[in-house]
Amino acid sequence: MSSKKYNIAVVGATGAVGEEILLLLEEMEIPVNKLIPLASARSAGSRVTFKNKEVAVLELTESVFKEQEVEIALFSAGGSISEKYAPHAAKAGAVVVDNTSFFRMMDDVPLVVPEVNPEDIKEWKKTGIIANPNCSTIQMVIALKPLDKEYGIKRIDVSTYQATSGAGKLAMDELMNQMRDVMNFRFENTKVEKFPHKIAINVIPQIDKFTENGFTKEELKMVNETQKIMHKKMQIASTCVRVPVLRGHSEAVTVHFEDIIDADDAREILSKAEGVTVIDEPQKSKYPMPLEATGKNDTFVGRIRNDIYDKSILHMWITADNLRVGAATNAVKIVKKWIEMEENK
Ligand code: A2P
């Protein structure tokens, strides 16, 4: 990488994804001149750790990007914050990498997974904004793109098993508090704020709001975003489910291909794919699980098997750390590629 170093703002630096972004900026050796952690007025003056040093958190304001001469701004503080402040960052000349859903489906905004469509990053100039896809979409396209390239995907049916951290730090706390209430026989009156129902010792088949066609917004994000990233209108149906896991989303995926596909060949292709690790020894009970995926930057794939009736259908299980692969890792990989592209122009 270059000798140029960048002023990098992290909006939502005190949040679940923001904290991972700080770790990854260091881990991926992004050339940082000045780190500017931004959060709400509540956190202004508190400190975050970056490269073993404490850095003071500043309040997010419309003018902070210009004042701090921000060149790269990573947003992870929710859609309404991005809606209001990302245009100010872009106007101040920064490239915005946005983790929320607010800009994702806008025509002029590239939606990027660096392992899948890195070439779309160059469209960033149109608005100054690059969107990071939904967590469940990212891990699915990382695993499916290499198979699509060889065999052509016709249709995807997916059920997700999504961790509470996808809804932020307070949602993780809610699961922990409810588990405590279970242990102390207080579960009857446990507090429910972040999810539509109790999440401890439960499974909730609803993430985000329902739309008129019976699918939730989260489920439609998986459909629309996958088609945009892969530049292909394959059929997709998704059922998104919240499970009492802290970190790591899993997905049971059924994929219909144009051609006959052998599970061993698919395993071989995936074992060589960028960002993918295959764990597939079912006889030894080895397959991907959230606990093992936590803190990792790869997408894990296992349980790869042919359909019993139709040899052009594969079933598989995909797990990844939603805070990393599904958010921070993807965002920081976009930053890394953007820097490479800018400097090789
Ligand atoms: P703060 O800690 O000051 O509330 P999570 O996804 O884990 O819930 O984190 C959300 C992140 O977004 C936090 O860093 C939070 O900062 C930040 N955030 C929430 N509301 C605002 C706001 N109004 N202005 C700036 N940052 C915000």
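Structure data summary
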| quantity | calculated |
| --- | --- |
| Whole-angstrom gap from the stretch 1-52 to the stretch 140-177, using each part's C-alpha centre | 26 |
| Percent accessible area from carbon and sulfur atoms, the stretch 186-255, protein chains only, probe 1.4 Å | 51 |
| Cα-based Rg of the stretch 1-53 normalised by 2.2 N^0.38 Å, two decimals | 1.13 |
| Cα convex hull of the stretch 220-276 - mean projected area over all directions, nm² | 5.5 |
| Value in Å of the Kirkwood radius, where the stretch 60-99 supplies the Cα pairs that are averaged | 9.7 |
| Rounded accessible area of residue 246 (nearest 10 Å², 1.4 Å probe) | 70 |
| Proximal lysines relative to residue 4, as straight alpha-carbon distance under 22 Å, when same-chain residues fewer than 8 apart are discounted | 34, 51, 53, 66, 91, 122, 125, 333, 336, 337, 345 |
| Semi-axis lengths, Å, the stretch 177-225, gyration tensor of Cα atoms, sqrt of 5 times eigenvalues | 30, 9, 8 |
| Descending principal axes extents, the stretch 1-153, alpha-carbon based, whole Å | 53, 31, 31 |
| Cα-based Rg and Dmax for the stretch 132-263, where Dmax is the largest Cα-Cα distance (Å) | 17.0, 55 |
| log10 of Debye I(q)/I(0), alpha-carbon scatterers only, for the chain at 0.06, 0.08, 0.09 Å⁻¹ | -0.22, -0.39, -0.49 |
| Mean accessible surface per residue for the chain, computed with a 1.4 Å probe while every protein chain stays in place, in Å² | 47 |
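The values are calculated or read from the model by the stated rules, or taken from the named source; none is laboratory data. Just so you know, these numbers come straight off a predicted model, no measurement behind them. What goes into the accessible areas is simple: the full protein's heavy atoms, side chains included, and nothing from ligands, DNA or RNA. Shrake-Rupley method; radii C 1.70, N 1.55, O 1.52, S 1.80 Å.
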